[in-house]
Amino acid sequence: MKEREIALHCLADITDGGQFAKRVLEQQLKNRDERTQGFVRHVVYGVLDRKEELDQAIDRANRSGRKRLDPVIRNILRLSLYQLWYMDKTAPHGVVNDAVHLAKKRMPRYAGFVNGLLRTLQKDSAHKTPSASVPEWLEEKLTAVYGKEKTEALLFSIAQPPRLSIRINPLRTTRQQLQEDFLQHGMVLRPSAWPGGLFIVEKPRDIFSSPMYKDGHFTAQDEAAAQVVLHAGAKPGESWLDVCAAPGGKSTQLAETMQDRGTIVACDLYAQKTEKIQTHAARLQLQSIKTRVQDATVRVEEWEKAFHGVLVDAPCSGLGLLRRKPDIKVHRKPEDIKELLVLQKDILRQAAQYVRPGGKLVYSTCTLLPDENEEQVRRFLAQHPDYVPDGKDFERRIDMTESGADGFYMARLRRK
């Protein structure tokens, strides 16, 4: 199967089948060569990132009366138009010819239509204007919350390519040694401006196959995500519960911060996810993490008032990760927010019972919406008089315009 056919299969599974991009790409690219993997990932994530813009252009150029395009043809057009507009090293005639070939293979009667539309759009210069390409409902919601000027800044940030940051495991190596090891493998680590032992990987090349990764010397983690555990302020010897722990980045950071002294109970709803946390902890050679399959909305009696701290990295709309996970633009709908608000409330209410007096409840999300962030915390505090903000700096929002990090929110509360 050729690269573009693989990409087309992936897009169909994601845009029409409702599957997540990461899982689809893992399945479709298994045992493929490095070149194929690189091309398919690039074009699939690119199409998802620019989907709104591509669809608008396709609909503008479509004067044939076929306004309700078959999903297969629409994905062929999305795939090809993205290559024409955003992949400079791609020969335009080759892209169009491949698109026509794909159309002939799938729906022959559309071959001429695909050929004509792509040749028309190839000359369109509208795409040269930077655009975040987000759904209309999301832009309207952000504008209602932040105003036009701030929303434009956020959308500009969303349109920028994500960078790869890593967190050093200080129990396994030093900052200097890690930089030297990366340099030996032809990569430069640039120290991040954010605290937490973070580096930006310049021009990364398959870092997850490197001996540094296999030996547990670092973890890939966004700079904003790493601030949550720092905000929590966990100390060696304490016991912490991470109720929504998968894939384990914050649980392992807790263990490293606590010098692997104490106890971290890392939970998730599904066994395959807790197994990944175990694998992650074993790679980092962390002994203090215990995993458990557990629904965060269900009471566990023996946990009541048992922990120095509880971390709720809550399920959320994920809008702070849009540039890193563009399929969120495809899958997320306005009505999802209401359901998530209820789920977050239920998890917070249950988690609050597990904190001992004087202990901390830390709530975090990777979204930009106050409904899921500040307002969720205000509602919780109003309904739980035994909790108070932990200090004047108890909450923090990182909104994607700060130093290229993802969008995050975090709040630290204390039980009386």
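For the range 283-300, does any single residue satisfy the condition of being without any contact (Cβ under 8 Å) to a residue 12 or more places away in the chain and surrounded by fewer than 22 Cβ atoms within 10 Å (Cβ to Cβ)? First the steps, then the outcome.
Going residue by residue through the range 283-300, those that are without any contact (Cβ under 8 Å) to a residue 12 or more places away in the chain are none.
Checking the range 283-300: not a single residue is without any contact (Cβ under 8 Å) to a residue 12 or more places away in the chain and surrounded by fewer than 22 Cβ atoms within 10 Å (Cβ to Cβ).
Only one entry of Ser239, Ser251, Ser210 meets the criterion of being in the same structural domain as Thr173 (by TED's automatic domain parsing) and touching a residue at least 12 places away in the same chain (Cβ under 8 Å), and that entry is Ser210.
For the range 157-202, how many residues are outside any strand (DSSP E or B) and either free of Cβ contacts under 8 Å to residues at least 60 places away in the same chain or polar (S, T, N, Q) (or both)? Summing the residues that are outside any strand (DSSP E or B) and either free of Cβ contacts under 8 Å to residues at least 60 places away in the same chain or polar (S, T, N, Q) (or both) in the range 157-202 gives 23. Restricting attention to the range 371-411 and to residues that are among the hydroxyl-bearing types (Ser, Thr, Tyr) and not in a loop (DSSP other than H, G, I, E, B), the residue that is nearest to Val145 (Cα to Cα) turns out to be Tyr409.
Considering only the range 297-323, how many residues are assigned to a helix (DSSP H, G or I) and either outside the structural domain of His231 (by TED's automatic domain parsing) or out of contact with any Cys (no Cβ under 7 Å at 6 or more places or on another chain) (or both)? It would help to see each step written out before you state the result.
Here is the first cut: in the range 297-323, the residues assigned to a helix (DSSP H, G or I) are 301-303, 319-321.
From what's left, either outside the structural domain of His231 (by TED's automatic domain parsing) or out of contact with any Cys (no Cβ under 7 Å at 6 or more places or on another chain) (or both): 301-303, 319.
Final tally of qualifying residues: 4.
There is at least one residue in the range 375-392 that is assigned by TED's automatic domain parsing to the domain that holds Glu304, under 23 Å from Leu138 (Cβ atoms) and in contact with a Phe, Trp or Tyr (Cβ under 8 Å, 6 or more places away or on another chain).
Matching residues to (1) charged (D, E, K, R); (2) in a helix (DSSP H, G or I); (3) in contact with a His (Cβ under 6 Å, 6 or more places away or on another chain):
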site: Glu26; (1), (2), (3): yes, yes, no
site: Val40; (1), (2), (3): no, yes, no
site: Glu53; (1), (2), (3): yes, yes, no
site: Asp59; (1), (2), (3): yes, yes, no
site: Trp85; (1), (2), (3): no, yes, yes
site: His101; (1), (2), (3): no, yes, no
site: Ala111; (1), (2), (3): no, yes, no
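Filter the range 133-167 for residues that are at pLDDT below 90 and under 27 Å from Phe199 (Cβ atoms) and give the result. Within the range 133-167, Ala153, Leu154, Phe156, Ser157, Ile158, Ala159, Gln160, Pro161, Pro162, Arg163 qualify. Being buried (at least 16 other Cβ atoms within 10 Å of the Cβ), among the acidic types (Asp, Glu), at negative phi and modelled with pLDDT of 95 or more is a condition met by at least one residue of the range 365-385. Among the residues making up the range 247-264, those that are under 14 Å from Thr219 (Cβ atoms) and in contact with a strand residue (DSSP E or B) (Cβ under 7 Å, 6 or more places away or on another chain) are Gly248, Gly249, Lys250, Ser251, Thr252, Gln253, Leu254, Ala255.
May I ask you to verify whether Arg50 is surrounded by fewer than 20 Cβ atoms within 10 Å (Cβ to Cβ) and not hydroxyl-bearing (Ser, Thr, Tyr)?
Values: surrounded by fewer than 20 Cβ atoms within 10 Å (Cβ to Cβ): no; not hydroxyl-bearing (Ser, Thr, Tyr): yes.
The answer is no for Arg50.
I'd like the residue in the range 275-305 that is out of contact with any helix residue (DSSP H, G or I) (no Cβ under 8 Å at 6 or more places or on another chain) and among the acidic types (Asp, Glu) and, out of all such residues, is farthest from Thr252 (Cα to Cα). Out of the qualifying residues, it is Glu301.
Take the residues in the range 326-344 that are acidic (Asp, Glu) and surrounded by fewer than 20 Cβ atoms within 10 Å (Cβ to Cβ), then tell me which one is nearest to Tyr363 (Cα to Cα). Walk me through how you get there before you give the answer.
In the first step, residues of the range 326-344 are kept if they are acidic (Asp, Glu); the result is 327, 335-336, 339.
Restricting the remaining residues to those that are surrounded by fewer than 20 Cβ atoms within 10 Å (Cβ to Cβ) gives 335-336, 339.
Numbers: Glu335: 22, Asp336: 20, Glu339: 18 Å.
Top of the filtered list is Glu339.
For Val388, the criteria (1) exposed (fewer than 15 other Cβ atoms within 10 Å of the Cβ); (2) within 21 Å of Asp222 (Cα to Cα); (3) β-branched (Val, Ile, Thr) hold in every case but one, which is (2). Selection within the range 386-408: residues that are of a type in the set (Asp, Glu) and either touching a helix residue (DSSP H, G or I) at 6+ places or on another chain (Cβ under 6 Å) or closer than 15 Å to His231 by Cα (or both). The member of this set that is modelled with the lowest pLDDT is Asp406. In the set (1) closer than 29 Å to Gly320 by Cβ; (2) modelled with pLDDT under 90; (3) of a type in the set (S, T, N, Q); (4) touching a Leu at 6+ places or on another chain (Cβ under 6 Å), the condition left unmet by Gln122 is number (1).
Filtering Lys338, Lys329 for residues that are of a type in the set (D, E, K, R) and either outside any helix (DSSP H, G or I) or touching a residue at least 24 places away in the same chain (Cβ under 8 Å) (or both) leaves a single hit, Lys329.
Conditions tested, residue by residue: (1) surrounded by fewer than 17 Cβ atoms within 10 Å (Cβ to Cβ); (2) touching a residue at least 24 places away in the same chain (Cβ under 8 Å); (3) acidic (Asp, Glu); (4) assigned by TED's automatic domain parsing to the domain that holds Ser209.
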{"residue": "Thr15", "(1), (2), (3), (4)": "no, yes, no, no"}
{"residue": "Leu25", "(1), (2), (3), (4)": "no, no, no, no"}
{"residue": "Gln28", "(1), (2), (3), (4)": "no, no, no, no"}
{"residue": "Asp33", "(1), (2), (3), (4)": "yes, no, yes, no"}
{"residue": "Phe39", "(1), (2), (3), (4)": "no, yes, no, no"}
{"residue": "Arg60", "(1), (2), (3), (4)": "yes, no, no, no"}
{"residue": "Pro71", "(1), (2), (3), (4)": "yes, yes, no, no"}
{"residue": "His101", "(1), (2), (3), (4)": "yes, no, no, no"}
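The values are calculated or read from the model by the stated rules, or taken from the named source; none is laboratory data. Bear in mind that the values here come from a model prediction, so they are computed numbers and not experimental data. A quick note on method: Cβ atoms are made from the backbone with ideal geometry, for glycine too, and the neighbour counts reach across all protein chains shown.
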